[in-house]
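A short worksheet on the structure shown next.
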C-alpha cells in the first residue's frame, strides 16, 4: 500500500494533535516537559469524562447542554454534605444519585414530551445552576477531606488517578457500545428512530437510560473536579458542556446521530485539552482563545471531511 493511502487512513485528530504539539513546543520550551504533560493529563480527565456524555447524547440524535451544570451541582452537594459531617462515601453517593436523577428527568421529558433535547437540557442547565447557587448561597464551599482529595489529586506511579479513571471509563464504554446489544440499540436510535422502534427497540426507556448515564458521568466528573480544586464553586462547571460537544464533534461524531466512536471523542478531548493548556501558557486572553478554538475545530472538521471524500 502506498504511503499517501496509508496517510489518508489516519484520523484528522491525530494530525491535529501533532501540529498542536509542534506549535506549542516552538512557543514554549516547557510545553513538552513531564510536569506539564502530567498537568494536561489531570486537567483533561474531567473534560474526557464529560465528553462521553456529550458523545452519547449526540450519538442518539440528541444533545445535552446540562452536563456542565450537573458537574457543578454534584461537586456542590458533595462538598456541602462533607462540611455538615457526612463521610466521604455517603456524600459522594448522594451527589451521584442527584446527578443521575437530573439526567433521568431530562430523559423522561425528551422521551415522553417530545420536546427537543436542546430545549429540555437548556432548561435543566439553568435549573441545576440555580440549585447550586441556592445551596451554596453564592459562596465557595471547601472540600478539604484528605480521602476525598485523592480522587482528583492522587496518582498511581506518577500518573494522575483521575486520568486512569477517565481511560477506564472509555474502555468500559468502548466495550458497551461495540460489543453489546445496548450499544447497537443506541447507534440504531441515532441513525433512525422510527426504524429502531419498528425493529422492536424500546426507544423511550433507551433515551431515559442515555441521559441518566450522562448525569452519572457528569456527576462523577463534578466529584473529580471538586476533589482536584479542594472546593466547590457555583460556577466551576459552567462551559465544560460546550468543550464536551466540541470534543465529540472534532472526534468524528456526526451531529445527525448514529455515527461516531467513543475513542474518537477521547482524541477530541485530548485536542481541546492540549489547546487550552498551550494557549494558557502563551498568556492569551480567554476571548482570543475562544476564536482560536473555533478555527481549529473548523480546520479539523474540514480535514476529516476531505479525507472521507
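Across the stretch 264-288, the residues whose backbone nitrogen lies under 13 Å from the label position 7 Å along the beta-carbon direction of residue 28 are 273-285.
Between residue 281 and residue 192, what is the FRET efficiency for a Förster distance of 41 Å, r being their Cβ-Cβ separation, to the nearest 0.05? Efficiency, from the Cβ-Cβ distance: 0.35.
Exposure proxy ranking for 254, 227, based on other Cβ atoms within 10 angstrom of each Cβ and starting from the fewest, stands as 254, 227. Full extension of the chain between residue 289 and residue 199 gives 27.8 nm of extra length, using 0.36 nm per residue less the Cα-Cα distance. The ranking of 302, 253 from fewest to most other beta carbons within 10 Å of each one's beta carbon is 302, 253.
If you compute mean projected area of the Cα convex hull in nm² for the structure shown, which of (1) 17.5; (2) 18.4; (3) 16.4 do you land on? Given (1) 17.5; (2) 18.4; (3) 16.4, the structure-derived one carries the label (1).
Each Cα pair under 8 Å and six or more residues apart adds its separation to the average, and for the chain the resulting relative contact order is 34 percent.
The helix-only estimate of mean residue ellipticity at 222 nm for the chain, built from DSSP H runs of length n ≥ 4 each weighted as -39500 (n - 2.57), is -25500 deg cm²/dmol after division by the residue total. Between the stretch 67-134 and the stretch 167-243, what is the C-alpha centre distance in whole Å? Each part reduced to its Cα centre gives a spacing of 14 Å.
Note: relative contact order over the stretch 47-121, using C-alpha pairs below 8 Å and six or more positions apart, is 33 percent.
Quick note: the coordinates plus some simple rules give every number you see, no bench work behind them. Just so you know, these numbers come straight off a predicted model, no measurement behind them. For neighbour counting, all protein chains shown are included, and Cβ atoms are generated from backbone atoms with ideal geometry for every residue, glycine included.
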